[in-house]
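Written out below as structure tokens is the structure these notes cover.
What follows draws every value from the coordinates through simple rules; no lab data is involved. Every value quoted in this text rests on a predicted model; they were computed, and no experiment measured them. Ideal geometry is used to build each Cβ from the backbone, glycine not excepted, and the neighbour counts take in all protein chains shown.
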């Protein structure tokens, strides 16, 4: 199965400050911005049946670069943070310099400079120059309550190759992506709270039914069976949503239509800023009443 790592989903409560962090500290670009009038049929915005938006940010086009999906639910001002997400590792001396210049809080942990996005999501920055024409994002690290169960699921059921294993962690790789997916044993149950995210991969459309059938055969969790999702004015994609033994949500999407859906929108930044200004005006009006 030719899998490609696509993005990780974060729920954000402050769209303005959050996008400032990703753009001005990490140095990512706004790739596309989409608004929705009601909740997603595959719970892409979480368990909320309301208006929401999706902003994709990254270092380059989603065809070749790992992205971050910033999900904003209108009217939700806070998300309780759990212990499920550990961090994303990025090779970027430049981001370290930008964080210091902006006086963004930064700490040291072993080989890394650690910064937090609004909401508490951690990024581990390696003090090395950003690679040219290559994604600086190195790996995403999630929590595991039992490494043996994580290995059984991700390696045996989903077919991800093990690239590195220690007593405390295991890393998997995709056949069509350099991004590593690491699970670290936290020695306790994984709590997803309200801020839980979702990791997405693409595969050829013909392989999606096989993935769902395999997961069902192994008596593992299918959160959303095969379903088509529409994005206004863009391609319709087919997805299946799963959950691993620790409840980490996984989206598999058809690669063919996702490539069409995820084309960089040159107007994305303008569109995002327009809606942020509308938010600010709405909040200011509510405060003055």
Sequence-separation-based contact order of the stretch 132-232, relative, with Cα cut under 8 Å and 6+ spacing, percent: 26
Stokes-Einstein diffusion coefficient of the stretch 165-289, Kirkwood radius over Cα pairs, 25 °C, 0.890 mPa s, in µm²/s: 137
Sequence of 7, 178 once ranked by neighbouring C-beta atoms within 10 Å, starting from the fewest: 178, 7
Spherically averaged projected area in nm², based on the convex hull that wraps the Cα atoms of the stretch 106-151: 5.0
Kirkwood hydrodynamic radius of the stretch 1-93, Cα pairs, Å: 14.3
Debye intensity ratio in log₁₀ form over the Cα atoms of the stretch 122-172, taken at each q of 0.14, 0.23, 0.28 Å⁻¹: -0.49, -0.92, -1.11
Proxy reagent accessibility, fewest Cβ within 10 Å first, across 212, 24: 24, 212
Residues 157, 215 arranged by fewest to most Cβ contacts within 10 Å: 157, 215
Percent RCO, i.e. relative contact order, over the stretch 1-62, from Cα pairs under 8 Å lying at least 6 residues apart: 32
Tensor-based shape of the stretch 116-212 (alpha-carbon gyration tensor, a/c under 1.5 rounded, otherwise prolate or oblate): rounded
Beta bridge orientation in the chain: antiparallel %, DSSP, nearest 5: 70
Directionally averaged shadow of the chain, computed from the convex hull of its alpha-carbon atoms, nm²: 15.3
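How many times 2.2 N^0.38 Å is the alpha carbon radius of gyration of the stretch 221-289? Write out the running numbers ahead of the final one.
Details: Rg = 17.8 Å, N = 69, 2.2 N^0.38 = 11.0 Å.
The stretch 221-289 yields a ratio of 1.62.
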Rel. contact order, % - alpha carbon contacts under 8 angstrom, at least six apart, the chain: 21
Cα gyration tensor of the stretch 200-252 - equivalent ellipsoid semi-axes, whole Å, descending: 21, 12, 9
Percent of beta bridges antiparallel (DSSP, the stretch 137-240, rounded to nearest 5): 70
Expected 222 nm ellipticity per residue - DSSP helices of 4 or more, -39500 (n - 2.57), all of the chain, to 500: -6000 deg cm²/dmol
